[in-house]
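Asks: Next up is a structure, given as structure tokens.
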Amino acid sequence: MVARTTTSDAISVSTLEVSVPAPRTGTSPAHRASARDRIVEGTAALLARRGLQATSLTEILSASKAARGSMYHSFPRGKEQVVSEALGLAGQRTREWLDRWDGDAADVVTERFLHSWRLLLSRSDCTTGCAVLAVTVAAVDTKTLLDEAASVFRSWRTRLAQLLEHGGLPADSAAGFATLLIAASEGAVVLARAERTLEPFDLTAEQLLTQVRSLLAAARA
């Protein structure tokens, strides 16, 4: 079982599955901007739950409680543009979330990262995953979206490597383990969703925690 972290870490779930804020009313410029933001956030949430192909413009509008005119005005290039901005939002929010852990020990960073994924799975009954992964596996013929998904993953790997190094791992070990942590946790989320159980995620998490503690012990020896 993945160890539990502090209550403050629970808010990171809204980073991984971008929640849809309550709709607002009005026709002011501020409202138009908020409608645009709701469309982007609604798209990110749908991608995490339903994947790229199953996320239609109609469903995006329904989830975001936005008018069709707002979609056409804000995103003249259609679905690809909305998905692109949703990827950017997911990437930015995750980096901001990771920044809060700078200075924590490498095993604590790992534990919090895994705990947040587990919390997302638990709260969604293993029906929600990663919006960036959802785009990656489905956008095989859309180079722009693939490039943007790759950029997001690279930014996560880079930031996690920095945190792990600041937390006590040598630079080469930090870079390698950051990649493993993302790859293994993303795969474990997929298995948990497929099997509708947390067991594969917990087994993977225990292995990752054992490994990072071994790396820390070796670095301190």
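Asks: Calculate I(q)/I(0) for region 138-220 by the Debye formula, one identical point scatterer on each C-alpha and no solvent, and give its log10 at q = 0.11, 0.22, 0.24, 0.25 Å⁻¹ to two decimals.
Replies: Normalising to I(0) and taking log10 leaves -0.38, -1.02, -1.08, -1.10.
Asks: What translational D, rounded to a whole number of µm²/s, comes out for region 31-119 from Stokes-Einstein when the hydrodynamic radius is the Kirkwood one over Cα pairs, at 4 °C and 1.567 mPa s?
Replies: Result for D is 90 µm²/s.
Asks: Carbon-plus-sulfur fraction of the accessible area of region 82-134, 1.4 Å probe, in percent?
Replies: With neighbouring chains kept in place, the figure for region 82-134 is 41 percent.
Asks: If you take the beta carbon distance between K65 and A150 as r and set R0 to 41 Å, what does 1/(1 + (r/R0)^6) give as a FRET efficiency, to the nearest 0.05?
Replies: The formula returns an efficiency of 0.80 here.
Asks: Can you figure out the FRET efficiency of D125 with A171, using R₀ = 45 Å and their beta-carbon distance, to the nearest 0.05?
Replies: For D125 and A171, the calculated efficiency is 0.70.
Asks: What does the extension gain come out to for D141 and S214, with contour length at 0.36 nm per residue minus their alpha carbon separation?
Replies: This chain segment gains 22.2 nm when fully extended.
Asks: Related question: In cubic angstrom, how much convex hull volume per residue do the alpha carbon atoms of region 75-207 span?
Replies: Spread over its residues, the Cα hull of region 75-207 gives 107 Å³ apiece.
Asks: For region 168-215, with every protein chain kept in place, what is the accessible area per residue (1.4 Å probe, Å²)?
Replies: Computed with neighbouring chains in place, this is 46 Å² per residue.
Asks: Return an integer: the convex hull volume of the alpha-carbon atoms of region 104-172, in Å³ per residue.
Replies: Measuring per residue, one finds 90 Å³ for the Cα hull of region 104-172.
The values are calculated or read from the model by the stated rules, or taken from the named source; none is laboratory data. If you're wondering where the values come from, they're calculated on a predicted model, not measured in any experiment. Neighbour counts run over all protein chains shown; Cβ positions are idealised from the backbone, glycine included. Surface accessibility is based on the protein's heavy atoms, side chains included, excluding ligands, DNA and RNA. Shrake-Rupley method; radii C 1.70, N 1.55, O 1.52, S 1.80 Å.
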